[in-house]
Amino acid sequence: MYFLRFMPVALIQLTLLPTLHGARWTYIGPEGQDHWYKHYPYCSGAFQSPVNIKSELLRFNPTLPPIEVQNYNLSPNEQLTLGNNGHSVQLSLPSKMHISSLPHRYTAAQLHLHWGSSGRPVGSEHIINNKQYAAELHVVHFNADKYPTLSAAVDKSDGLAVLGVLIEIGEFNPAYEQFLKYINGIKYRDQRVQIPGFNIRALLPAQLDEYYRYDGSLTTPPCYPSVLWTVFNNPVTISRKQFLSLATGLFSSHAQDSTSAPLSRNFRKPQPAESRLVLVSFKEGRGPHGIRTVTSPLTRKRVIQQLLVGDLADLADEGLHQLLPSVSEKLHAGKRKDFKNQQKETLMKSRQQTLNPSLAEDELCYISMEQRLSHQLRQSHTETQLAHALRDRVFPELNLRSYLDCKSDLALPTIRYILRGRPPTDEAFELDRSLKTFVTNQKKTSTALEQSVPVKTYGGFPFSSVSKKPHGQGHPHPWLLPMEWED
């Protein structure tokens with residue numbers, strides 16, 4: 001997903017932002033994805049995309065409605081711009097196209113593809129249980145109810161919604177041929193052609209009610225974690241000839257360049273899932289015991305309310321770790337307190353108090369946050385430290401929002417972020433100790449855990465630093481790692 005400022009608004013390319021940041025990037029080499037964070041710190045930050053959608057991350061959510069798209073069947077009289085931006089093939093889309101089944105109206109801006117090479121025809125960005133597909137289509141939308149343009153929405157936590165379509169090689173696809181047949185006109189970077197409109201809906205799977213949903217990011221620089229991802233369960237097919245037109249017929253270089261650089265394998269590697277869950281709209285045929293259901297939003301909001309204004313000793317006695325979805329499935333020892341009588345009282349409080357004013361009012365504008373922290377840290381810190389500082393600042397609030405929407409587990413750095421406003425009472429220390437005991441026990445019993453994660457202070461509050469690389473594969477949530485706790 002991408003961002004470059006071409007001329008019309010519809011041509012803004014979502015994750016390329018050279019006009020704002022001035023840095024060139026590629027998928028491989030010295031400017032490749034392993035080095036993006038040097039110029040785009042969010043690329044090593046929290047909630048990054050794509051992810052490997054594994055069974056253990058899945059939670060069934062029966063409230064997820066079928067995806068409904070409007071005005072996707074375009075008239076041949078409408079002219080669309082097809083372009084090669086050096087990173088992908090991109091097709092502009094009219095603003096009348098939108099998704100109507102989300103809380104806000106998300107207006108279409110563009111679509112583009114990611115693909116592999118002729119020698120290795122696997123190039124989808126999202127992977128399903130370790131299976132990578134030949135290619136992937138992204139249809140990019142922005143929140144038109146709150147933001148006037150794609151560029152205004154790209155760095156907001158609720159700014160973007162992207163439909164992801166997995167593509168495998170098989171039967172010829174006449175819908176994809178509606179734009180693939182014009183590829184010879186855009187062989188080189190910055191070339192564009194006008195093509196007639198067609199039925200964009202035909203590019204999507206026939207069934208729009210089976211999909212994966214999670215909070216993520218742009219998959220190209222600047223990697224802002226601003227995307228609500230919908231990846232359809234059922235793939236579509238294109239013929240081998242159609243795939244090869246992408247894999248062999250395009251160049252990332254300009255026509256006048258002395259050497260031509262092929263445009264292929266333009267996909268980002270999977271990113272750590274961290275504390276995130278992947279919600280699914282269907283239950284059938286996944287995993288040996290089916291898909292677990294997301295925990296009750298009532299329970300989640302009660303836990304947050306107690307962390308904010310409630311009795312921390314209750315959470316310590318209860319064992320807060322047992323309320324974390326990723327852990328409660330493994331730990332069944334010990335008796336839980338009955339919170340039913342407390343639920344009515346805490347819910348009444350929650351109606352009178354805002355959980356966190358910054359969550360309700362702050363739009364989490366990542367550009368301004370990045371610029372502010374960059375100014376503070378640039379003189380005395382390295383680019384890696386800047387990336388870590390951004391991660392520490394963004395993750396807790398982003399995770400808390402996602403947790404309350406049942407899209408993630410409540411991570412330990414988020415708990416500490418919530419507690420930083422509470423006075424340093426004996427109850428707070430007791431809660432710290434109970435969590436410390438839990439992570440210590442986890443360290444003793446798990447061979448997958450590595451050495452303790454050092455704590456650093458940001459803004460007067462300790463956060464744990466987490467490296468760019470995922471930790472031990474045997475541990476489902478890298479945030480639940482041993483850390484030093486202040487006594």
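The numbers here are math on the coordinates, done by the rules we state, and not lab data. Because the structure is a prediction, the values reported are computed rather than measured. With ideal geometry, Cβ positions are generated from the backbone for all residues, glycine too; neighbour counts draw on all protein chains shown.
Things worth noting here:
- Between the listed residues SER124, THR149, PRO196, the Cα displaced farthest toward the positive end of the dipole of the range 122-197, a dipole computed from Cβ unit charges relative to the Cα centre, is found at PRO196.
- Hydrodynamic analysis of the range 144-276 uses the Kirkwood radius over alpha carbon pairs. Inserted into Stokes-Einstein at 10 °C and 1.306 mPa s, it gives a translational diffusion coefficient of 92 µm²/s.
- Taking θ as phi - 60° and the Karplus parameters 6.51, -1.76 and 1.60, the scalar couplings of the range 291-308 work out to 9, 5, 8, 4, 5, 4, x, 4, 5, 4, 5, 5, 4, 4, 4, 5, 5, 7 Hz in sequence order, x denoting glycine and proline.
- In the range 139-211, the C-alpha radius of gyration followed by the widest Cα-Cα span (Dmax) gives 15.6, 41 angstrom.
- When each of the peptides 117-124, 419-426 is scored by how many other beta carbons lie within 10 Å of its residues on average, the order from highest to lowest is 117-124, 419-426.
- Three-way shape label, the range 9-280, alpha-carbon gyration tensor, a/c 1.5: rounded
- Set the Cα radius of gyration of the range 46-177 against 2.2 N^0.38 Å, with N its number of residues, and you get 1.14.
- Prolate/oblate/rounded label for the range 208-272 (Cα gyration tensor, a/c 1.5): oblate
- By the beta-carbon count within 10 Å of each Cβ, the least crowded to most crowded order of LYS301, LYS283, fewest first, is LYS283, LYS301.
- The range 9-280 - share of DSSP beta bridges that are antiparallel (%, nearest 5): 75 percent
- Global geometry of the range 33-112, whether rounded, prolate or oblate, following the gyration tensor of its Cα atoms and the 1.5 cut on a/c: oblate
- Cleavage-rule hits (GluC sites (Glu not before Pro)) in the range 197-290: DSSP loop, at most 14 neighbouring Cβ within 10 angstrom: GLU284
- Highest to lowest packing among 91-100, 384-393, scored as the average C-beta count within 10 Å: 384-393, 91-100
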